[in-house]
Structures are given as structure tokens and as C-alpha cells.
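Trainee: Next up is a structure, given as C-alpha cells.
The values are calculated or read from the model by the stated rules, or taken from the named source; none is laboratory data. A quick note: this is a predicted structure, and the numbers were derived from the prediction, not measured. Using ideal geometry, Cβ is built from the backbone for each residue, glycine included, and neighbour counts are taken over all protein chains shown.
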Amino acid sequence: MTVGLLESCGEMEWAGILVGRLARVDAYGGNGLDSVLSLFGGMGSFNDLVLHPLNGHLVEPDALAEVNERLEFLREEILESATALRAGLVE
């Protein structure tokens, strides 16, 4: 879902990064989760992404709030899921 949203807005760099990180989870299980969690936090992280035409994204001005709210929801889902999975593996 997240990759689809990013691709539909022309954000191919982050879409590719997510695909790669999810492939690591598929290939390496819990060890791959660290690569997903590393996307969150720090300058230039996935948290900093704002979908907006000024950033080169294909988003209509009247859809900006909705698209970025959806992105925020999906980011939170990824972070919460990866954190929960990681905690389950550590216990």
C-alpha cells in the first residue's frame, strides 16, 4: 500500500528503498527488521518525506492534505508493525 501510494505520486526513490527493505525482511526475517526500523529517525529519514508538487511529486493541490495524512498513517503502521515484530523476536 505504501509503495503504491509513493509510486502514484512519483516518489520512486522511497518506493524503491521500501521494496528493498521489505525484501530483506522476506529473506532474513528478524534480521531484516533492523533495516526497516533504520528508515525512521534522523535528518532525511522516511519521517521527513512530504508529498508535494514543490518536491517534484504528482499530487494535486486539493489532495495534498489527504495524501500526506495517508502517508503518515502508513508510516505509523510500518513502524508499529516492525517494532512489534522486533520486540517479539527479542523476547
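Trainee: Could you name every one of the helices (runs of 4 or more DSSP H) located completely within segment 2-54 that has at least 1 residues being within 22 Å of Ala65 (Cβ to Cβ) and touching a helix residue (DSSP H, G or I) at 6+ places or on another chain (Cβ under 6 Å)?
Mentor: Counting at least 1 such residues, we get 2-8, 12-28.
Trainee: Additional query: Take the residues in segment 73-85 that are out of contact with any Phe, Trp or Tyr (no Cβ under 9 Å at 6 or more places or on another chain) and surrounded by 15 or more Cβ atoms within 10 Å (Cβ to Cβ); name whichever of them is modelled with the lowest pLDDT.
Mentor: Leu85
Listed here are the residues, each with its yes/no results for (1) at positive phi; (2) among the polar types (S, T, N, Q); (3) in contact with a Lys or Arg (Cβ under 9 Å, 6 or more places away or on another chain); (4) surrounded by fewer than 18 Cβ atoms within 10 Å (Cβ to Cβ).
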| residue | (1), (2), (3), (4) |
| --- | --- |
| Val3 | no, no, no, yes |
| Ser8 | no, yes, no, yes |
| Ala23 | no, no, no, yes |
| Asp26 | no, no, no, yes |
| Ser35 | no, yes, yes, yes |
| Ser38 | no, yes, yes, yes |
| Gly44 | yes, no, no, yes |
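Trainee: May I pose another question? Could you tell me which residue of segment 38-74 is farthest from Leu22 (Cα to Cα), considering only residues that are touching an Asp or Glu at 6+ places or on another chain (Cβ under 8 Å) and aliphatic (A, V, I, L, M)?
Mentor: Only one residue fits best here, namely Leu51.
Trainee: Among the residues of segment 56-72 satisfying the criterion of being surrounded by 12 or more Cβ atoms within 10 Å (Cβ to Cβ) and without any contact (Cβ under 8 Å) to a residue 12 or more places away in the chain, which is nearest to Glu13 (Cα to Cα)?
Mentor: Glu72
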